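The block underneath contains the structure these notes are about, expressed in structure tokens.
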Amino acid sequence: MEGGPLNVYNLDVSALDQIVKSFHNGTDVMNAQALLVQFQDHPESWTCVDKILENSTFVPTKFLALQIMDKLVQTRWNLIPREQCEGIRNFLVTHAISLARDEAFMSANASYMHKLDLVIVQIIKQDWPHRWESLIPDLVGSSKTSESICENNMIILKLLSEEIFDYSEEQIVSKRVDELKNELANQFAPIFSLCMFILTSASKPSLVLVALETLLRFLGWIPLGYIFETNLIPFLTEKFFVVPQSRNVTLKCLTEIASLKLQQGQGATFVPMIVRLFDSVMEKLPAYLSVETDLASTYNNRSGSDQIFIQDLANFFVGLFKEHLSVLESHNPDRLLTAHMYLINISNIDDREVFKSCLDYWAVLVEQLYREPSMAPSPLLITSSPGPTPRQQFYQQILSHLRVVMINRMVKPEEVLIVEEEGEIIREFQKDTDTIALYKAMQVVLTHLTHLDSEDMEFIMREKLMRLMSNAEWSWSAINKLCWSIGSISGAMSEPEEKRFLVVVIKELLDLVDLKRGTDNKAVVASNIMYIVGQYPRFLRQHWKFLKTVVNKLFEFMHERHEGVPDMACDTFIKIASSCRNLFVVAHVNEPGPFINTIIDSLPATISDLQPQQVQTFYEAVGIMISAATSTEQAHALIHKLMALPNQGWSELLSKIAGDISLLENPTMYKTLANILKTNVSVCSSVGQAFIVHIAHIFRDMMELYPICSQLINNRLQTGGPNEPRTPLVRGLRLIKREILKLFITFFPHCAGDPETVATSFVPDLLKVTMIDYQNTQPEVRDAEVLLLCASMVDHLKGEVIGKVHPILDAVFECTLSMISKDFQEYPDHRTGFYRLLRAINRHCFEALFTLGQAQFKLFIDSVVWGIKHTMRDIAEMALHTLQEMLEQFRRKLLAQPGQVTGFYQQYYVSLMQDVFVVLTDSDHKAGFKLQTSILKDMFDIVIDGLMPAQLFDPKAFPDNPNMTNVAFLNHYVSDLLARAFPQVTPAQVKHFVKGLLQKNDPLAFKVLVRDFLISLKQFAGQDNQELYVVDEPAADASIAN
């Protein structure tokens, strides 16, 4: 770019301005963008920065110049001669001071000034303290010449603190971070004096705010003496907390101080200041916010600043109480209770993040109180609780208010959704969401609150229920929250208390069903009754007649036409079956036999109004009961009885298909068969190994049905167009095949008791049918479940199928690779199944790999390597686990039978190490850093520990030193590899890094070593950085060289 409009050697700044304006104004954008990118990428464009900043009249052009300079500082700063670095630094500092004097410019161009300050901070990180010893005196000195300059300098100090203490992990090597932190702490005295000078003398409001914001960034790391042995705390509380403009940032500063952890021995000196801080805030707080204020109803109408203040106040109390509650309890009890009432009021605000902050403290408090000695649970204390401790009495009123808050704010427990996926309706559990996590945290708090005073909890809940019944507080939200809360405290009361409470609650809720008008209201109450009943298994287990009544009531609800009620009934039924399964398979007093017989006998009528997915839930619940059968014979008999209805439909449909397979193309036919198979999957998942008796019964039918579906699919593909795979018929036929596969995927994990029988009776024919079909089917309709089937088979049958690994790989390996190796996006399910299979084979049938031919074994290794380079995170992680486990398997072999695996190391060790380095240094694979470094350490340790019996290299390639050790070879190879791959890294850096790799390290030290090297790759380092790579033990050189 030495000619044209943007000649870096003779730049026309006005022409550059015009091009930038064209880009920003939307005129000729493409051409302008191309010119600007070319200009930015030119290696000498940084030499134009001073000219642009001095002569440009368009601020975005100046911003472009700062971007160029920022890139130079972060990547090539140490390659530039020192005199030029100092010239750039001095120019930028002078430029910043010049602009800072112009308050109007600073105000109008805040983003530009921020970018300029960031570039200066990047230079500070490179040069300070060794090459810029006067930095702190310069900043402090210039700050006293002008308030606007002072304001900008405070911003620079704030950014510097953030860069070093908050954002340094992936930007600066650990040794340099420690140096910067120590230097900033050592030179903090003049900075602190400047802050106090500003807070004492400044008249400019914006300067005071910046000083407070800067101080806020310092409080987390400065020596505590600056906080507790100066007048900082009274200064903040007396001067700035009372001023509306500075109140919020001051409260943030006080929160930071209040949250500090004091070390042993510091309490006597610093605790009085903590108490003084608390007293001062509490004395001044009522002037701005009364403890009587109804924040729940007024919060949303307050200004943004007021809302932030309330949020910060919550954080202040939470931080202070979590660290210093015991001190405050002995100081001024009444004031402490008032502070807790403030936190109660804030907890009532309808803002989830604010509530979560408060909940964090409430959880700590109630657990502390619950854990106090007198509250320790004892089997002797069944009907009464011991008296409360003094602390529990002290907080009694607060805890009562907290119980109300927790009920009012209760969130929905685990949710079951009914969703459609590829044409089929499935039940999906929403887990690990923010709401579920919040529910679990609230459940713990409510449980502890119930333990602390079950009578008060019962009184509050029953009072709320009475208000619902009287319509004083009726709403769906109110009854849902109350019932979720009632369900969450299951097991927290003594058994007699729980019985009395639950009977009353259920009775009153049933009365509420009768009182409420409208089917919607009745359905909401009914659903909540079912939810509560399902949450109290202890009560149900101890009251069989009540349990029977509940189950029969659930069966009635299954006929309810109101949307959601049958789903809730089925979900409650399966929940009760899980918690009370034993009670259903034994005969009770005055009953002719186990109640499960009655359930199965009435099953056709019970499920007559249910949807298919609800039917499957019902069958799964009965299967759970069967899993508790008292004998194998009873289980088999119950399975036969349970499956009679679906078996009847199965036999009728298959007999029709046997005469004419085209009947299977009827939608009713293939949907019914798929639902029957889904029912089998549901029962299998809950019954477990005993289901083998039924699989044996329908096995032949499934093995015949599977290829029929494939035949019909292939016929349609041959005669249809490119969209044929997505037609309802093909999808329906594939669904049948997938459900057959899912049945075995579900069954194999339950075969630990007799894997040999399963491997002998089912596996040969199952593989014969599925493997041939998978291999011969077109990729568009090839089912990923086949790969999951093979993976599950190997995972659970282990050595029993070691002889099947070879034919499995022959059938699925290459044809799957041809599907997934074209890119990183297509066939995601096949990718997952493929790598699950590879991992399963490696973990459980490792010996089978030795039976593979050399070409197929290499393909196996190459597939694992390709997987670690995958852009899909789960695939890359699975492949990394597989590689790590494979290397561990070979290591064990190396220790036991070195001759058997020496060839593997000689052929693959070096290339595998190179591949690990490739992903390790690729920012797109940063998520795998932990596994990558672990693998790399294992590979180096094998050599360092002297376990390798043969040379890893060809001696002919090193005629000058053919007998060198493997350690010396790795030193040479890795150094050369890194030097060629990363020319920006100096020989000193490479030498330091490789030397560290070849020393015995603990895992953490190894990760820090690698992390620091990866950070160094982001910049071209000059010789000035050599002091960071000085080796502590010179003797290491000699050991590596030999």
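Could you name every one of the helices (runs of 4 or more DSSP H) located completely within segment 565-667 that has at least 3 residues being farther than 21 Å from VAL693 by Cβ? Working first, answer last.
Working: elements: 565-579, 581-584, 595-601, 603-606, 612-626, 632-642, 644-659.
Those helices (runs of 4 or more DSSP H) span 565-579, 603-606, 612-626, 644-659.
State which residue pairs qualify: first residue farther than 15 Å from PHE165 by Cβ and inside segment 218-232, second residue in a loop (DSSP other than H, G, I, E, B) in any location, beta carbons under 6 Å apart, and separation of 6 or more residues or different chains.
none
If THR214 satisfies every condition in (1) closer than 24 Å to THR145 by Cα; (2) assigned to a loop (DSSP other than H, G, I, E, B); (3) within 35 Å of the chain's Cα centre (by Cα) but one, which is the exception?
(2)
Can you find, within segment 976-987, the residue that is farthest from VAL919 (Cα to Cα) among those that are free of Cβ contacts under 8 Å to residues at least 60 places away in the same chain and open to solvent by 30 Å² or more (accessible area, probe 1.4 Å)?
By that ranking, first place goes to PRO987.
Just one of LEU638, LEU645 is open to solvent by 20 Å² or more (accessible area, probe 1.4 Å), over 20 Å from ASP773 (Cα atoms), in contact with a helix residue (DSSP H, G or I) (Cβ under 7 Å, 6 or more places away or on another chain) and of a type outside the set (Phe, Trp, Tyr); which is it?
Just a single option satisfies the conditions, and that option is LEU645.
Check segment 464-486 and report whether any residue there is of a type outside the set (Lys, Arg), at pLDDT 95 or above and more than 19 Å from SER527 (Cα to Cα).
no
Tally the residues that are of a type outside the set (Ser, Thr, Tyr) and either on the phi > 0 side of the Ramachandran plot or modelled with pLDDT under 90 (or both), restricting the search to segment 973-986.
Qualifying residue count for the region: 3.
Okay, residues lined up against (1) surrounded by 14 or more Cβ atoms within 10 Å (Cβ to Cβ); (2) in contact with a Lys or Arg (Cβ under 9 Å, 6 or more places away or on another chain); (3) at pLDDT below 95; (4) not β-branched (Val, Ile, Thr):
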| position | (1), (2), (3), (4) |
| --- | --- |
| ILE222 | yes, no, yes, no |
| GLY225 | no, no, yes, yes |
| ARG247 | yes, no, no, yes |
| LYS252 | yes, no, no, yes |
| THR255 | yes, no, no, no |
| GLN263 | no, no, yes, yes |
| PRO272 | no, no, yes, yes |
| VAL281 | yes, no, no, no |
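How many of the residues making up segment 33-58 are part of a helix (DSSP H, G or I), open to solvent by 40 Å² or more (accessible area, probe 1.4 Å) and not basic (Lys, Arg)?
Adding up the residues that qualify gives 10.
Quick grid of which residues meet (1) closer than 22 Å to THR447 by Cα; (2) among the aromatic types (Phe, Trp, Tyr):
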site	(1), (2)
TRP476	no, yes
ILE486	yes, no
ALA492	yes, no
GLU495	yes, no
LYS499	yes, no
GLU508	no, no
ASP511	no, no
GLY518	no, no
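Among the residues of segment 223-236, which ones are assigned to a helix (DSSP H, G or I) and over 39 Å from the mean Cα position of the chain (by Cα)?
Passing the criteria: LEU232, PRO234, PHE235.
Do we find that ARG538 is touching a residue at least 40 places away in the same chain (Cβ under 8 Å), of a type outside the set (A, V, I, L, M, F, W, C) and open to solvent by 40 Å² or more (accessible area, probe 1.4 Å) in this structure?
Against the criterion (touching a residue at least 40 places away in the same chain (Cβ under 8 Å), of a type outside the set (A, V, I, L, M, F, W, C) and open to solvent by 40 Å² or more (accessible area, probe 1.4 Å)), ARG538 qualifies.
A quick yes/no check of all residues on (1) part of a helix (DSSP H, G or I); (2) closer than 30 Å to GLN989 by Cβ; (3) modelled with pLDDT under 95:
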{"position": "SER107", "(1), (2), (3)": "yes, no, yes"}
{"position": "ILE123", "(1), (2), (3)": "yes, yes, no"}
{"position": "ILE149", "(1), (2), (3)": "yes, no, no"}
{"position": "ASN152", "(1), (2), (3)": "yes, no, no"}
{"position": "ILE155", "(1), (2), (3)": "yes, no, no"}
{"position": "TYR167", "(1), (2), (3)": "no, yes, yes"}
{"position": "GLN171", "(1), (2), (3)": "no, yes, yes"}
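If the Cβ limit is 7 Å and pairs must be 6+ apart or interchain, which residue in segment 30-56 that is within 16 Å of SER14 (Cβ to Cβ) pairs with which residue that is surrounded by 13 or more Cβ atoms within 10 Å (Cβ to Cβ) and acidic (Asp, Glu)?
If the second residue must be surrounded by 13 or more Cβ atoms within 10 Å (Cβ to Cβ) and acidic (Asp, Glu), the pairs left are SER56/ASP17.
If you go through segment 739-766 one residue at a time, how many are β-branched (Val, Ile, Thr), open to solvent by less than 10 Å² (accessible area, probe 1.4 Å) and within 21 Å of THR679 (Cβ to Cβ)? Outline the logic, then answer.
Of all residues in segment 739-766, those β-branched (Val, Ile, Thr) come to 740, 745-746, 757-758, 760, 763.
Adding the requirement that they be open to solvent by less than 10 Å² (accessible area, probe 1.4 Å) leaves 740, 758, 763.
Narrowing the set further to residues that are within 21 Å of THR679 (Cβ to Cβ) leaves 740.
Result for segment 739-766: 1.
Among the candidates LYS1007, LYS995, LYS991, single out the residue that is open to solvent by less than 50 Å² (accessible area, probe 1.4 Å), modelled with pLDDT of 85 or more, at negative phi and not hydrophobic (A, V, I, L, M, F, W, C).
Every option except LYS995 fails the conditions.
Restricting to segment 778-798, name every residue that is surrounded by 19 or more Cβ atoms within 10 Å (Cβ to Cβ) and in a loop (DSSP other than H, G, I, E, B).
Selection gives ARG782, ASP783, ALA784.
Given TYR670, TYR619, which one is of a type in the set (Ser, Thr, Tyr), more than 20 Å from LEU583 (Cα to Cα) and under 43 Å from the mean Cα position of the chain (by Cα)?
Of the residues listed, the single one that is of a type in the set (Ser, Thr, Tyr), more than 20 Å from LEU583 (Cα to Cα) and under 43 Å from the mean Cα position of the chain (by Cα) is TYR670.
Run ALA15 past the list (1) surrounded by fewer than 15 Cβ atoms within 10 Å (Cβ to Cβ); (2) under 46 Å from the mean Cα position of the chain (by Cα); (3) over 17 Å from MET69 (Cα atoms) and report the number of the one that doesn't hold.
Here ALA15 meets the rest and fails (2).
Considering each residue of segment 497-528, count those that are open to solvent by less than 60 Å² (accessible area, probe 1.4 Å) and part of a helix (DSSP H, G or I), and give that number.
So the answer is 19.
Is it true that some residue in segment 76-85 is open to solvent by less than 10 Å² (accessible area, probe 1.4 Å), in a helix (DSSP H, G or I), touching a helix residue (DSSP H, G or I) at 6+ places or on another chain (Cβ under 7 Å) and within 23 Å of THR986 (Cβ to Cβ)?
So far as segment 76-85 goes, yes, one or more of its residues are open to solvent by less than 10 Å² (accessible area, probe 1.4 Å), in a helix (DSSP H, G or I), touching a helix residue (DSSP H, G or I) at 6+ places or on another chain (Cβ under 7 Å) and within 23 Å of THR986 (Cβ to Cβ).
Pick from ASP117, ASP138: which is out of contact with any Leu (no Cβ under 7 Å at 6 or more places or on another chain) and either buried (at least 20 other Cβ atoms within 10 Å of the Cβ) or in a helix (DSSP H, G or I) (or both)? Even if it seems obvious, please write down each step before you answer.
Values: ASP117 fails: out of contact with any Leu (no Cβ under 7 Å at 6 or more places or on another chain).
After ruling out the rest, the residue left standing is ASP138.
All but one of (1) of a type in the set (Val, Ile, Thr); (2) open to solvent by 10 Å² or more (accessible area, probe 1.4 Å); (3) closer than 24 Å to PRO646 by Cα; (4) out of contact with any Gly (no Cβ under 9 Å at 6 or more places or on another chain) hold for THR719; which doesn't?
Here THR719 meets the rest and fails (3).
Specify the residue that is modelled with the highest pLDDT; the eligible residues are those in segment 186-208 that are surrounded by fewer than 15 Cβ atoms within 10 Å (Cβ to Cβ) and over 30 Å from SER107 (Cβ atoms).
Checked segment 186-208; the qualifying residue modelled with the highest pLDDT is ALA189.
Which members of segment 741-777 meet the condition of being at pLDDT 95 or above, of a type in the set (Ser, Thr, Tyr) and under 23 Å from MET819 (Cα atoms)?
Passing the criteria: THR770, TYR774.
The values are calculated or read from the model by the stated rules, or taken from the named source; none is laboratory data. Quantities reported herein were computed from a predicted structural model and do not represent experimental measurements. In this analysis, Cβ positions are derived from the backbone assuming ideal geometry, glycine residues included, and neighbour counts consider all displayed protein chains. What goes into the accessible areas is simple: the full protein's heavy atoms, side chains included, and nothing from ligands, DNA or RNA. Shrake-Rupley method; radii C 1.70, N 1.55, O 1.52, S 1.80 Å.
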